[in-house]
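Encoded as structure tokens, the structure appears first; notes follow it.
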Amino acid sequence: MKTHLITGGCGFVGRNMVNRLYKNTNDKIIFIDNLLVGKHPDTWIGLEKGRHADGFATYDNERLLFIEDDARNAIRALRENENYFASEFSFHCARIADVFHFAAIVGGRAMIDGDPMAVALDLAIDAELFYWACNYKPERLLYPSSSAAYPIDLQTESNTLQLKESDINFKRMGEPDMTYGWSKLTGEFLAKIAAQYYGLKVTCIRPFSGYGEDQDLTYPIPAIAARAARKEDPFEVWGTGYQGRDFVHIDDVIDCILLAMDHIHDGTAINIGMGKLTTFREIIAIFCKLAGYTPEIKALIDKPVGVHSRYCDMTFVEKTLGWKAKISIEEGMSRVYHAALAKLT
Ligand SMILES: NC(=O)c1ccc[n+]([C@@H]2O[C@H](COP(=O)([O-])OP(=O)(O)OC[C@H]3O[C@@H](n4cnc5c(N)ncnc54)[C@H](O)[C@@H]3O)[C@@H](O)[C@H]2O)c1
């Protein structure tokens with residue numbers, strides 16, 4: 001039985017990874033989150049709670065340990081004391097095998113444009129994590145970069161490219177998307193250094209627009225679904241609505257991460273997307289069709305929208321991993337719509 005560590009384990013991707021590892025393995029799972037935006041596991045884990053006190057909880061007969069803390073504190077404590085989980089929480093487990101580092105300040109477009117210096121704190125979180133990992137040497141480390149790392153001049157209305165992994169080149173850098181993209185580029189650079197200089201097995205991913213039924217309402221897909229379920233009319237859209245993204249369901253994202261970790265260990269970053277550009281107006285049309293009405297679309301042109309179009313080329317992933325996303329936009333959006341509808345009733 002192995003032990004895995006998930007930082008940011010109460011956020012959107014983290015929760016889905018905790019659930020997946022719980023279902024698909026018999027391993028122990030330790031997850032850390034400061035609940036800045038993450039949800040307490042009591043609200044989503046659906047397992048029997050064991051020992052708990054302020055700042056920690058165990059679930060399912062000591063199979064899972066949740067620590068409510070800044071990941072940097074826990075990582076520093078672990079750096080000082082390899083037996084930190086046993087000595088501080090009486091949680092007995094094997095040495096950490098896989099690390100999934102999802103702790104980050106993300107916050108969607110409003111945060112990325114609205115408080116870029118808060119997002120820059122991701123540089124500190126990532127640096128601490130890599131510094132610890134290069135010394136501790138877990139078996140494998142997953143670093144989530146982002147499509148925001150790609151140069152923004154490849155994502156304009158007049159110059160929209162299907163972004164390939166090779167469009168990020170550390171010898172000829174383009175400008176990424178705000179401090180968020182910059183921190184992800186730095187993380188990718190650290191990942192390469194960790195692999196080359198410290199022999200760490202690191203996998204980097206660049207998810208495009210991940211979405212799912214349990215995503216926070218600050219993200220567009222669940223927010224649009226909730227408004228369609230309420231039959232909003234006129235239907236507000238940020239910007240003109242003709243800006244597009246590559247939406248990929250979280251179940252596909254998790255599938256691809258786990259496969260990539262088995263095959264890529266040198267810090268090479270891969271895209272995770274459908275390879276398909278869908279505009280926000282098209283998303284609204286899908287949800288409104290599911291809701292059975294045709295609203296007037298009202299463009300809110302003063303809202304932050306980010307780059308015009310961002311989508312990926314999945315050729316490299318298809319060739320190296322033989323992987324393709326399975327959940328179509330129609331099926332994924334239908335799942336999100338029905339989850340939004342269920343919350344209304
Ligand atoms: N969701 C996507 O589609 C997507 C796309 C590209 C990249 N990513 C990357 O994947 C990772 C996870 O994204 P997400 O969508 O789950 O975001 P999220 O905001 O839902 O989750 C991040 C979690 O980290 C926690 N957190 C923040 N600072 C922390 C700290 N100092 N210590 C401990 N916990 C902390 C938050 O409370 C939150 O629960 C991020 O690095 C993000 O950049 C996600």
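The values are calculated or read from the model by the stated rules, or taken from the named source; none is laboratory data. Here the structure is a predicted model, which is why all the values come from computation and not from measurement. Note that each Cβ is placed from the backbone with ideal geometry, even for glycine, and that neighbours are counted across all protein chains shown. These area figures cover heavy atoms from the full protein model, side chains too; ligands, DNA and RNA do not enter into them. Shrake-Rupley method; radii C 1.70, N 1.55, O 1.52, S 1.80 Å.
Would you mind checking the tilt of helix 178-198 against the longest principal axis of the Cα atoms of the chain, expressed as 0 to 90 degrees and rounded to 10?
Rounded to the nearest ten degrees, it is 40.
Within the set of other residues whose C-beta is less than 14 Å from the C-beta of Lys326, count the net charge using Lys and Arg as +1 and Asp and Glu as -1.
Around Lys326, the charge tally is -3.
Under unit Cβ charges (Lys, Arg +1; Asp, Glu -1), what dipole magnitude, rounded to 20 debye, does the chain have relative to its Cα centre? It would help to have the intermediate numbers written out before the result.
Details: 38 positive and 46 negative charges, 106 e Å.
With Lys and Arg at +1 and Asp and Glu at -1, about 500 debye.
How would the range 189-257 be classified by its alpha-carbon gyration tensor: rounded, prolate or oblate, with rounded meaning a/c under 1.5 and the a/b versus b/c comparison settling the rest?
Cα axes put the range 189-257 in the prolate bin.
Antiparallel DSSP bridges in the range 36-148: what percent, to the nearest 5?
70 percent
Dipole magnitude of the range 194-345 about its Cα centre, charges +1 at Lys/Arg Cβ and -1 at Asp/Glu Cβ only, in debye to the nearest 20?
On the way: 17 positive and 19 negative charges, 39 e Å.
Using Cβ point charges on Lys, Arg, Asp and Glu, the range 194-345 gives about 180 debye.
On a 0 to 90° scale, report how tilted helix 280-291 is relative to the longest principal axis of the chain, with both axes built from alpha carbons and the result rounded to the nearest 10.
Value to nearest ten degrees: 90.
When DSSP beta bridges are limited to those with both residues in the range 201-345, what percentage is antiparallel, rounded to the nearest 5?
Values: 3 of 17 bridges.
That works out to approximately 20 percent antiparallel.
Where Lys and Arg each count +1 and Asp and Glu each count -1, what net charge lies around Val305 among other residues with Cβ under 14 Å from its Cβ?
Summing Lys and Arg as +1 and Asp and Glu as -1 gives 0.
With a/c under 1.5 counting as rounded, go ahead and sort the range 42-109 into rounded, prolate or oblate using the C-alpha gyration tensor (a ≥ b ≥ c being the square roots of the eigenvalues; past the cut-off, prolate if a/b is larger than b/c, else oblate). Intermediate values should be presented prior to the final figure.
Values: a/c = 1.74, a/b = 1.08, b/c = 1.61.
Oblate, since a/c reaches 1.5 and b/c is not below a/b.
Does the range 107-190 come out rounded, prolate or oblate by the C-alpha gyration tensor, with a ≥ b ≥ c the root eigenvalues, rounded set by a/c under 1.5 and, if not, prolate when a/b is larger than b/c and oblate if not? Could the numbers behind the result be given before it?
Values: a/c = 2.57, a/b = 1.47, b/c = 1.75.
Oblate is the answer for the range 107-190, as a/c is 1.5 or above yet b/c matches or exceeds a/b.
Keeping all protein chains in place and using 1.4 angstrom, which order do Trp44, Trp238, Trp182, Trp323 fall into by accessible surface area, from largest down?
Final ranking, largest accessible area leading: Trp182, Trp238, Trp44, Trp323.
Summarise the accessible area of the chain (1.4 Å probe, protein heavy atoms) by the percent that is carbon and sulfur.
52 percent
Compute the long axis of helix 329-344 from its Cα atoms, compare it with the longest principal axis of the Cα atoms of the chain, and write down the angle in degrees, 0 to 90, nearest 10.
Taking Cα atoms only, the helix is inclined about 80 degrees.
When ligands, DNA and RNA are left out and all protein chains stay put, how many square angstrom of accessible area per residue does the chain have with a 1.4 Å probe?
That works out to 44 Å² per residue.
Just reorder Tyr242, Tyr311 by solvent-accessible area, largest first, 1.4 Å probe, all chains present.
Tyr242, Tyr311
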